[in-house]
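The values are calculated or read from the model by the stated rules, or taken from the named source; none is laboratory data. Note that the coordinates shown come from a computational prediction; the quantities given were computed from them, not determined experimentally. Backbone-built Cβ (ideal geometry, glycine too); neighbour counts: all protein chains shown. Keep in mind that these areas ignore ligands, DNA and RNA; they rest on the heavy atoms of the full protein, side chains included. Shrake-Rupley method; radii C 1.70, N 1.55, O 1.52, S 1.80 Å.
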Amino acid sequence: MEQKIMLCALIELLFHRPPSERQLSFESISQAVKCPVDHVELLLMKAMSLNLIRGVIDQVDEIVDVSWVKPRVLQNEQIKTLSDRLGDWAKTVEETSKFVEKSTQEIVV
């Protein structure tokens with residue numbers, strides 16, 4: 001039961017972070033899920049084996065780079081957060097598109 005609670009806490013921690021900021025140290029995970037640092041790697045492997053997350057564990061540097069978190073039922077607040085992230089992403093894509101368009105005009109001319 002304790003491990004399930006830690007897995008839920010891990011997923012919640014990762015869900016609230018933007019995908020570009022999902023590289024975490026074992027220490028920060030340890031503090032967030034309330035477990036010893038030496039148990040974090042096992043917790044991450046368990047989460048990966050259950051297909052809750054995907055990523056790469058760097059045991060030497062004690063960091064994990066999470067590339068995917070399993071979707072789940074969202075509460076209204078979480079839906080709003082996701083909507084805000086999508087809005088930010090769309091704005092970034094639009095700015096990048098304008099930059100590329102402007103840069104290519106200079107090359108063509």
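Given a Förster distance of 30 angstrom, what is the FRET efficiency for Lys91 paired with Arg54, based on the Cβ-Cβ distance and rounded to 0.05?
After rounding, the FRET efficiency stands at 0.65.
Keeping the other protein chains in place, figure out the carbon and sulfur percent of the accessible area of the chain, with a 1.4 Å probe.
58 percent
Give me the extension gain from Asp65 to Glu27: residue separation times 0.36 nm, minus the current Cα-Cα distance, reported in nm with one decimal.
Fully extending the segment from Asp65 to Glu27 adds 12.3 nm.
List every residue whose amide H lies under 5 Å from the amide H of Gly55, counting only residues 5 or more places away in sequence or on a different chain, with H placed 1.01 Å from N in the peptide plane.
Ser67
Report the residue, chosen from Ala32, Ala90, Ala47, that carries the largest GNM mean-square fluctuation when the chain is represented by alpha-carbon nodes joined by springs under 10 Å.
Evaluated over the chain, the most mobile residue of the options is Ala90.
Rounded, prolate or oblate: pick one for the stretch 2-59, where a ≥ b ≥ c are the square roots of the eigenvalues of its C-alpha gyration tensor, a/c under 1.5 means rounded, and failing that, prolate if a/b is larger than b/c, else oblate.
Here the stretch 2-59 falls in the rounded category.
Let me know the charge dipole size of the chain about its Cα centre in debye, to the nearest 20, where only the beta-carbon of Lys, Arg (+1) and Asp, Glu (-1) is charged.
Dipole size: approximately 500 debye.
What whole-number value in Å² describes the accessible area per residue of the chain for a 1.4 Å probe?
Solvent-accessible surface per residue comes out at 74 Å².
Choose one answer from Ile29, Ile63, Ile79: the residue with the largest mean-square fluctuation in a GNM of the chain with alpha-carbon springs under 10 Å.
Largest GNM mean-square fluctuation: Ile79.
Out of the stretch 13-43, which GluC sites (Glu not before Pro) are coil in DSSP terms and have no more than 11 other C-beta atoms within 10 Å?
Passing sites in the stretch 13-43 do not exist.
Does anything in the stretch 8-35 have its amide N under 13 Å from the 7 Å Cα→Cβ label point of Asp84, and if so which residues?
Residues passing the 13 Å test: 16-18.
Alpha carbons only, please: Rg and Dmax for the chain, in angstrom.
For the chain, the Cα radius of gyration and maximum Cα-Cα distance read 18.2, 66 Å.
At 1.4 Å probe size, what's the solvent-accessible area of Val60? Round to the nearest 10 Å².
130 Å²
At most 15 other Cβ atoms within 10 Å and a DSSP loop assignment: could you name the trypsin sites (Lys or Arg not before Pro) in the stretch 1-42 that fit?
Lys34
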